[in-house]
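Quick notes on the structure that follows.
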Amino acid sequence: MNNKIFCPQCESQEMREEVIHGLKVHICDKCGGLWLDKGELNGIAHPIEGDLEYCSTDHFAEDRVSDVKCPVCKEEKMVKVNFIHYTDIILDYCKKCHGLWLNRGELDAINAEIDRLHKVPESWDHRIMVFLSKLPF
Ligand SMILES: [Zn+2]
Ligand SMILES: [Zn+2]
């Protein structure tokens, strides 16, 4: 699909395609917002076990309707979701097309959070495993 996507926050600002981490996303030059089609968040974030988008969409509440309208579905209001329930990173999610809207800096926050998830619980397990595997018996 080659439809034009206009920034849901800057109204008449057309978003341009940009390749980040090998994936095509839409970016707004004016506000720095990012639009991700369904499935793109899983590819854009650093590799992590499980489905990131499932984490996100599992925790939306009906009363958390966003002011942002989906740039693809036009009239469909998006809902606010927490990126993984305990973080305070709030994204806008379209229930219709499953796209995600990220404000400037939110992708960095997501990547930082994923890095943290990777480092904290896994490094100890991994180190213990390496330690055990090197024992001479
Ligand atoms: Zn914008
Ligand atoms: Zn939509």
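Observations, loosely collected:
- Net charge, Arg104 excluded, C-beta distance under 14 Å - Lys, Arg +1, Asp, Glu -1: -4
- Shown are Phe131, Phe6, whose ranking by accessible area with a 1.4 Å probe and every protein chain present, most to least, is Phe131, Phe6.
- Long pairs among Lys4/Lys24; Lys30/Lys77; Lys38/Lys96, criterion Cα-Cα beyond 19 Å: Lys30/Lys77
- Once backbone amide H atoms are built at 1.01 Å from N, Gly99 has Lys38, Cys94 as its partners under 5 Å, excluding neighbours fewer than 5 places away on the same chain.
- The slack between Lys96 and Asn3, meaning 0.36 nm per residue of separation minus the straight C-alpha distance, is 31.8 nm.
- Charge context of Lys24, other residues only, Cβ under 12 angstrom, K/R +1, D/E -1: -3
The values are calculated or read from the model by the stated rules, or taken from the named source; none is laboratory data. Please read these numbers as outputs of a predicted model, since none were measured by experiment. Cβ sites come from the backbone with ideal geometry, for glycine too, and all protein chains shown count toward neighbours. Ligands, DNA and RNA are excluded from the accessible area calculation, which covers all protein heavy atoms including side chains. Shrake-Rupley method; radii C 1.70, N 1.55, O 1.52, S 1.80 Å.
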